[in-house]
1. I'd like the full set of residues that are of a type outside the set (Gly, Ala, Ser) and within 13 Å of another protein chain (Cβ to nearest Cβ), limited to the stretch D:113-140.
2. What are the pairs with Cβ atoms under 7 angstrom where one residue, in the stretch A:24-43, is over 16 Å from A:Asn54 (Cα atoms) and the other, located anywhere, is of a type in the set (Lys, Arg)? Sequence gap at least six, or different chains.
3. Can you tell me which residue within the stretch D:24-45, out of those that are at the interface with another protein chain (Cβ under 7 Å from one of its Cβ atoms) and of a type in the set (D, E, K, R), is farthest from D:Lys82 (Cα to Cα)?
4. Quick one: what pairs do we get from the stretch A:112-140, first residue hydroxyl-bearing (Ser, Thr, Tyr), second at pLDDT 90 or above and open to solvent by less than 30 Å² (accessible area, probe 1.4 Å), C-beta under 9 Å, 6+ apart or different chains?
5. For the stretch D:63-80, which positions are among the β-branched types (Val, Ile, Thr) and more than 24 Å from A:Phe47 (Cβ to Cβ)?
6. Which numbered condition in (1) open to solvent by 20 Å² or more (accessible area, probe 1.4 Å); (2) touching a helix residue (DSSP H, G or I) at 6+ places or on another chain (Cβ under 8 Å); (3) facing chain D (nearest Cβ under 10 Å); (4) modelled with pLDDT of 95 or more is the only one that A:Lys10 fails?
7. Among (1) within 14 Å of chain A (Cβ to nearest Cβ); (2) touching a residue at least 60 places away in the same chain (Cβ under 8 Å), there is one condition D:Asp97 misses while meeting the rest; what is its number?
8. Is it the case that the stretch C:70-93 has a residue that's closer than 29 Å to C:Thr133 by Cα, within 14 Å of chain B (Cβ to nearest Cβ) and of a type in the set (Val, Ile, Thr)?
There are 4 protein chains.
Amino acid sequence: MNQPFITKEKIRFQHVDYAGIVFYPRFLEMLNCLVEDWFEEALDRPFSKMHTTNGIPTVDLKVQFKKAARLGEILTKKLWVKNIGGASLLCGFRFEDEQGNTCLEGEVTLVNVAFSEEKNAMKAAPFTEEMKTKILKYLV
Amino acid sequence: MNQPFITKEKIRFQHVDYAGIVFYPRFLEMLNCLVEDWFEEALDRPFSKMHTTNGIPTVDLKVQFKKAARLGEILTKKLWVKNIGGASLLCGFRFEDEQGNTCLEGEVTLVNVAFSEEKNAMKAAPFTEEMKTKILKYLV
Amino acid sequence: MNQPFITKEKIRFQHVDYAGIVFYPRFLEMLNCLVEDWFEEALDRPFSKMHTTNGIPTVDLKVQFKKAARLGEILTKKLWVKNIGGASLLCGFRFEDEQGNTCLEGEVTLVNVAFSEEKNAMKAAPFTEEMKTKILKYLV
Amino acid sequence: MNQPFITKEKIRFQHVDYAGIVFYPRFLEMLNCLVEDWFEEALDRPFSKMHTTNGIPTVDLKVQFKKAARLGEILTKKLWVKNIGGASLLCGFRFEDEQGNTCLEGEVTLVNVAFSEEKNAMKAAPFTEEMKTKILKYLV
């Protein structure tokens with residue numbers, strides 16, 4: 001039975017809005033960090049190496065925000081693979097508070113792309129077999 | 001025939017990532033600005049007045065990112081109402097570049113809430129009839 | 001008598017913190033937008049053209065935050081040149097509220113740089129005479 | 001001999017700009033996190049408790065940006081006290097890369113304030129003796 005990739009993130013002053021709860025675009029920054037950590041720690045493909053030639057832009061995103069998160073809370077962020085295509089990846093995710101309540105959950109589609117020389121064009125690039133093998137360890 | 005609410009926004013240096021395209025959480029900040037402008041300019045309910053006692057948190061979001069947007073581009077942002085409930089609102093949105101191509105589109109569900117005295121609790125609050133009338137002008 | 005470069009910016013929901021006032025790193029984003037607008041509108045050097053080969057990183061910043069700014073306020077942002085070196089530029093700036101009160105003021109040093117081919121190195125590049133002439137119109 | 005307060009922060013995709021280096025307002029977010037951690041971990045005054053009644057707005061900031069920081073680098077952030085007044089605090093700070101090079105350094109003045117009931121006013125509030133004692137442990 002495969003397991004999701006898991007990290008934690010603390011709600012910071014910079015994340016919250018006037019109402020004292022996380023401003024939702026900040027949650028998407030946290031989601032991007034989750035993907036970034038997964039690529040670096042689990043898939044051996046750190047963004048710092050990858051981003052001169054390749055990228056994994058987000059092409060589709062669905063999120064349900066279920067519970068507000070407040071300053072000082074530590075969220076557990078979970079990511080898993082729902083489906084893998086030639087050059088694309090459908091991931092599920094869920095952020096939970098310290099009591100195990102779901103703050104948000106959803107799914108995100110990422111596409112593996114290669115940049116052309118001038119960095120003004122990009123095209124879908126299939127995952128290598130090695131990469132696919134690593135990704136499939138998170139298929140839940 | 002009703003029309004969508006429309007504003008424009010220019011892609012700034014702070015919006016783009018290492019690949020020179022808009023980092024997607026910045027698109028969601030632009031979406032939040034679109035909702036903010038709509039509430040202020042079309043619904044006579046500026047966030048600056050509203051946010052001590054009320055809010056309209058986003059509870060559901062679906063976005064398809066279709067075309068990268070680059071530094072200096074001016075996007076046309078469109079918002080319209082797809083459905084209105086007692087205290088909730090389903091809106092469609094689309095961001096287009098100067099050639100009319102869709103950069104992103106999707107739908108967002110907002111809930112009208114009232115904060116309790118200590119701002120540590122919030123509960124759904126039905127829209128007034130006056131508010132509903134204004135909102136319905138954007139039902140497309 | 002030279003005049004400063006002037007633009008306006010409205011305080012948005014995304015700019016304010018839990019206390020309902022602008023979170024100060026957002027003021028620096030607004031300052032960066034001011035520099036960006038000045039380069040595009042007054043110096044004919046839009047960031048969208050410049051940033052594949054050149055940049056103007058900030059090397060020194062001094063700011064006094066004098067008055068909190070709140071959601072919905074429209075700030076007037078002023079920028080002027082205090083000194084110009086071979087490849088560097090010392091600018092003064094001030095943000096004022098609608099009553100003319102100073103919210104923040106300070107000075108910022110920018111350096112004109114050229115990126116090397118791999119974008120992993122940058123070195124100071126002197127301003128052209130044409131560029132200097134345009135810049136000097138804002139020497140106050 | 002007193003020691004500075006020290007934390008680490010990794011440079012994330014969301015921090016870097018088109019040139020692949022940290023966009024400087026993101027450095028100020030990192031500085032705010034450093035102050036936030038110091039208040040929580042060293043001064044027993046977590047922002048999550050403090051911010052309904054009190055705040056510590058930044059009133060003066062001086063920064064020299066000395067070396068660009070890139071995606072994936074882990075910075076060591078140091079903060080220390082240079083001077084303490086009745087309700088204000090002058091702190092020095094320095095961010096260093098993994099080789100010990102200074103990326104940025106400067107000083108920041110914070111003021112301890114109390115919010116009035118409606119959160120629309122704030123006034124300077126002297127530090128308690130207990131708080132002063134804790135702060136003075138970081139006087140370098």
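The values are calculated or read from the model by the stated rules, or taken from the named source; none is laboratory data. Since the structure is predicted, the reported quantities are computational estimates derived from the model, not experimental observations. In this analysis, Cβ positions are derived from the backbone assuming ideal geometry, glycine residues included, and neighbour counts consider all displayed protein chains. What goes into the accessible areas is simple: the full protein's heavy atoms, side chains included, and nothing from ligands, DNA or RNA. Shrake-Rupley method; radii C 1.70, N 1.55, O 1.52, S 1.80 Å.
1. D:Val113, D:Phe115, D:Glu117, D:Glu118, D:Lys119, D:Asn120, D:Met122, D:Lys123
2. Between residues of the stretch A:24-43 that are over 16 Å from A:Asn54 (Cα atoms) and residues that are of a type in the set (Lys, Arg), the close pairs are A:Met30/A:Lys77; A:Cys33/D:Arg12; A:Leu34/A:Lys77; A:Ala42/A:Lys134.
3. Restricting to residues being at the interface with another protein chain (Cβ under 7 Å from one of its Cβ atoms) and of a type in the set (D, E, K, R), the top hit is D:Glu29.
4. A:Tyr138/A:Phe5; A:Tyr138/A:Trp38; A:Tyr138/A:Ala42; A:Tyr138/A:Leu43; A:Tyr138/A:Leu79; A:Tyr138/A:Val81; A:Tyr138/A:Cys91
5. D:Val63
6. Of everything listed in (1) open to solvent by 20 Å² or more (accessible area, probe 1.4 Å); (2) touching a helix residue (DSSP H, G or I) at 6+ places or on another chain (Cβ under 8 Å); (3) facing chain D (nearest Cβ under 10 Å); (4) modelled with pLDDT of 95 or more, A:Lys10 misses just condition (2).
7. Answer for D:Asp97: the failing condition is (2).
8. No: zero hits.
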